[in-house]
């Protein structure tokens with residue numbers, strides 16, 4: 001026993017520990033429950049009585065030696081990490097350029113969030129569509145001006161394949177494959193053959209909402225529009241509905257909100273009317289439901305749609321729609337605060 005203790009003492013004193021892995025190996029070999037020193041304590045019961053006092057003292061001294069070596073090396077290794085090559089830790093850190101969300105995505109997500117609270121889910125569909133989903137199923141007659149080449153980017157003429165001009169095509173697909181009740185919003189990019197200017201672009205983004213169920217009325221549409229406007233623009237916002245025409249809704253309306261800049265008092269932005277037009281809406285035409293396999297005698301519904309660029313321009317006071325597509329960092333970095 002005494003010879004083994006002396007041998008272990010020499011091993012521990014001679015052992016060089018250079019890193020944390022070697023230190024952990026040292027602890028396991030000598031100080032753990034299955035280590036060499038623990039084995040000595042287990043074998044102590046077999047030591048002759050006359051040698052127990054001497055052997056017990058030597059085992060305790062050996063354990064203390066190993067523990068002191070472990071603590072010393074551990075402290076030295078920790079101090080190595082504190083001394084980082086003489087760096088001045090009081091110096092300010094390096095700054096990083098944070099990314100930012102695009103303003104269109106900010107407003108898109110905000111609009112979706114509002115409709116999510118009302119139980120609407122998000123639906124998406126292809127940007128390259130056929131005539132049926134973009135026009136025919138939505139009650140566009142063959143002679144309708146929107147079918148003219150000056151408005152639509154056609155890819156093929158036989159059959160008609162085109163870039164969708166509105167996200168209503170996604171609503172058609174939802175109506176074809178789902179049974180009422182249907183409650184969905186359809187955000188996406190759309191394309192129209194228009195000259196690019198500060199107020200118009202050939203590419204822009206829409207978000208539309210569709211609700212079909214039994215006993216849906218125009219009053220439900222109006223209340224939804226009022227809730228949406230107050231959530232997006234503020235509790236003081238008022239709305240106004242004006243009769244309009246869309247092939248896929250009847251009756252149809254344009255919705256105005258009280259000007260967000262002048263509070264309805266009149267300014268250059270609202271052309272001194274106190275109102276700003278933001279979206280179109282109406283009750284889903286029975287022909288549209290019938291064409292997609294929904295019983296128009298049993299179900300009714302409403303639809304509404306808006307341009308995300310227009311809403312974003314109103315919210316942030318942006319006067320040129322082209323800024324959304326130019327990826328100018330001076331413009332985009334203004335939205336850093338909305339990253340989180």
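The values are calculated or read from the model by the stated rules, or taken from the named source; none is laboratory data. Computed from a predicted structure; not experimentally measured. Backbone-built Cβ (ideal geometry, glycine too); neighbour counts: all protein chains shown.
Residues in region 33-82 that are over 20 Å from residue 14 (Cα atoms) and under 53 Å from the mean Cα position of the chain (by Cα): 33, 34, 78, 79, 80, 81, 82.
Can you pull out the residues in region 181-201 that are at pLDDT 90 or above and surrounded by 14 or more Cβ atoms within 10 Å (Cβ to Cβ)? Result: 182, 183, 184, 185, 186, 187, 188, 189, 190, 191, 192, 201.
Within region 144-166, if we keep just the residues that are within 12 Å of residue 128 (Cβ to Cβ) and surrounded by fewer than 19 Cβ atoms within 10 Å (Cβ to Cβ), the residue that is modelled with the highest pLDDT turns out to be 161.
Residues that are surrounded by 19 or more Cβ atoms within 10 Å (Cβ to Cβ), closer than 30 Å to residue 137 by Cβ and in contact with a strand residue (DSSP E or B) (Cβ under 6 Å, 6 or more places away or on another chain): does region 321-338 have at least one? Checked against the condition, which is being surrounded by 19 or more Cβ atoms within 10 Å (Cβ to Cβ), closer than 30 Å to residue 137 by Cβ and in contact with a strand residue (DSSP E or B) (Cβ under 6 Å, 6 or more places away or on another chain), region 321-338 yields no hits at all.
Each residue in region 205-230 was checked for being in contact with a strand residue (DSSP E or B) (Cβ under 6 Å, 6 or more places away or on another chain), assigned to a strand (DSSP E or B) and surrounded by fewer than 20 Cβ atoms within 10 Å (Cβ to Cβ), and 0 pass. What about residue 219, is it modelled with pLDDT of 95 or more, closer than 19 Å to residue 120 by Cα and in contact with a helix residue (DSSP H, G or I) (Cβ under 8 Å, 6 or more places away or on another chain)? In short, no.
All conditions in (1) surrounded by 19 or more Cβ atoms within 10 Å (Cβ to Cβ); (2) more than 22 Å from residue 145 (Cα to Cα) hold for residue 248, with the sole exception of (2). Of the residues making up region 231-250, those that are closer than 24 Å to residue 114 by Cβ, without any contact (Cβ under 8 Å) to a residue 60 or more places away in the chain and touching a strand residue (DSSP E or B) at 6+ places or on another chain (Cβ under 7 Å) are 237, 238, 239, 240, 241, 242, 244, 246, 249.
The residue that is nearest to residue 104 (Cα to Cα), counting only those in region 167-180 that are out of contact with any helix residue (DSSP H, G or I) (no Cβ under 6 Å at 6 or more places or on another chain) and either surrounded by 21 or more Cβ atoms within 10 Å (Cβ to Cβ) or not assigned by TED's automatic domain parsing to the domain that holds residue 312 (or both), is 167.
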